[in-house]
Amino acid sequence: MRLSPFLSSWRVALLFLLVLPVVSAESTTNPLEGFQRFSETRAWIREAEECLEREDYKGAAKIYGKAAKIQEEESKKAEFLFLQAQNLLRAKKPHAALEAYTNLLENHLYHIPLEIVMEQLRQLADDFQNGRGTFLGMDDPITSIQIYTMLIRYQADVTRSLDDRLVLAAKQKEEGMVEEAVETYQQILKVLPSNPDARYGLARLLDDTAAKRDGDGTIGKAAVREARRFLADANPEDPRREDASRIIQDCREREAERLWERAQFYLSQYHYKPQVARRYLIDLQRDYDDTPAGRRAKLQLAELFPETEGN
């Protein structure tokens, strides 16, 4: 059974009381100081539990933060800071929660339940993405991207962080961060070259980019290369195969149109270079005969350069 990303506060409190001796050993030089700290901590726990019963998650977070400040032992401090962070998340205080989780990862990494923290950070990223608790309820996809970037930083293994990397690439693409998205996909494929999700995602990204700007056709050719690799590796029943084939054809048609425009440029009155135009038309007829531009090139060659027929 999968555990909830939110730990039950009473269980944490009980665990704390079980492991902490009646007279704390945190301060061997001053037992009275240790006992006072223990008493204050127990009082903070009771007050936090009362807040949770009222669903006052913001109040509980504030109290857990106070409890953390008086702890000398690193593991106990991390426990209370973790409770503070998750209750800020519950309270829909995303900016304060992000600060709290960042502090946990940067300063208390080895004393927190990392997998649970990661799951809660994904929820926090979704809150930012959809404007839950943000200023005026405005969507904040950039901060969502920053959170996923942080998730990956603390999951160095590409296989384990694959899903987070795919989500990150999709978010980067959505925000027009093309170079960053390409880099994210390439990092996956460097380790998992046959991963169909990353391969298809990269092909789609390059195709969309080429449709907007692709001066020399380089991006379109890269999209064709990635789509063909996807078709070679993907399951025969993968429903994305049809779209990958479309990517290849669309890119080829765009490249053919680019060559056609070049040929017409060198056939125009002020830039007339018929042999250069002929070369472009021959390339079109040879390599893109299944495209509209390729078929036009064949007709134009027959009309303007009949000597080319059959070559």
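The values are calculated or read from the model by the stated rules, or taken from the named source; none is laboratory data. Since the model is a prediction, treat every value here as computed from it, not as a measurement. Neighbour counts run over all protein chains shown; Cβ positions are idealised from the backbone, glycine included. To get the accessible areas, we keep the full protein, side chains included, count just its heavy atoms, and leave off ligands, DNA and RNA. Shrake-Rupley method; radii C 1.70, N 1.55, O 1.52, S 1.80 Å.
Things to note:
- Residues in segment 285-310 that are over 18 Å from residue 215 (Cβ atoms) and of a type in the set (A, V, I, L, M, F, W, C): 297, 299, 301, 302, 304, 305.
- Residue check, residue 119 out of contact with any helix residue (DSSP H, G or I) (no Cβ under 9 Å at 6 or more places or on another chain), more than 30 Å from residue 156 (Cβ to Cβ) and not polar (S, T, N, Q): no
- Which numbered condition residue 60 misses (of (1) over 22 Å from the mean Cα position of the chain (by Cα); (2) open to solvent by 30 Å² or more (accessible area, probe 1.4 Å)): (2)
- Every condition in (1) touching a residue at least 24 places away in the same chain (Cβ under 8 Å); (2) small (Gly, Ala, Ser); (3) assigned to a loop (DSSP other than H, G, I, E, B) holds for residue 156 except the one numbered (1).
- Cross-chain or 6+ apart pairs with Cβ under 6 Å, segment 174-187 first and under 11 Å from residue 205 (Cβ atoms), then of a type in the set (Val, Ile, Thr) and part of a helix (DSSP H, G or I): 178/209
- Looking only at segment 188-232, and only at residues there that are part of a helix (DSSP H, G or I), out of contact with any Lys or Arg (no Cβ under 6 Å at 6 or more places or on another chain) and touching a residue at least 40 places away in the same chain (Cβ under 8 Å), the one that is farthest from residue 260 (Cα to Cα): 196
- Pairs where the first residue, in segment 294-311, is closer than 17 Å to residue 265 by Cα and the second is of a type in the set (D, E, K, R) and at pLDDT 95 or above, C-beta under 7 Å, 6+ apart: 305/278
- Residues in segment 121-142 that are open to solvent by less than 20 Å² (accessible area, probe 1.4 Å) and touching a residue at least 40 places away in the same chain (Cβ under 8 Å): 134 only.
- Residue check, residue 118 modelled with pLDDT under 95 and among the aliphatic types (A, V, I, L, M): no
- Breaking point among (1) under 16 Å from residue 125 (Cβ atoms); (2) within 10 Å of the chain's Cα centre (by Cα), for residue 175: (2)
- Conditions (1) part of a helix (DSSP H, G or I); (2) more than 23 Å from residue 203 (Cβ to Cβ); (3) in contact with a Ser or Thr (Cβ under 9 Å, 6 or more places away or on another chain): number failed by residue 168: (2)
- Residues in segment 99-114 that are open to solvent by 80 Å² or more (accessible area, probe 1.4 Å) and either touching a Ser or Thr at 6+ places or on another chain (Cβ under 8 Å) or more than 23 Å from residue 142 (Cα to Cα) (or both): 107, 110, 111.
- Some residue of segment 24-47 being farther than 21 Å from residue 147 by Cβ, modelled with pLDDT under 55 and among the hydrophobic types (A, V, I, L, M, F, W, C): yes
- Selected residue (only one of 78, 96 is farther than 30 Å from residue 138 by Cα and either open to solvent by 40 Å² or more (accessible area, probe 1.4 Å) or not in a loop (DSSP other than H, G, I, E, B) (or both)): 78
- Scanning segment 233-274 for residues that are surrounded by 15 or more Cβ atoms within 10 Å (Cβ to Cβ), in a helix (DSSP H, G or I) and of a type in the set (Lys, Arg) yields 241, 252, 254, 258, 262.
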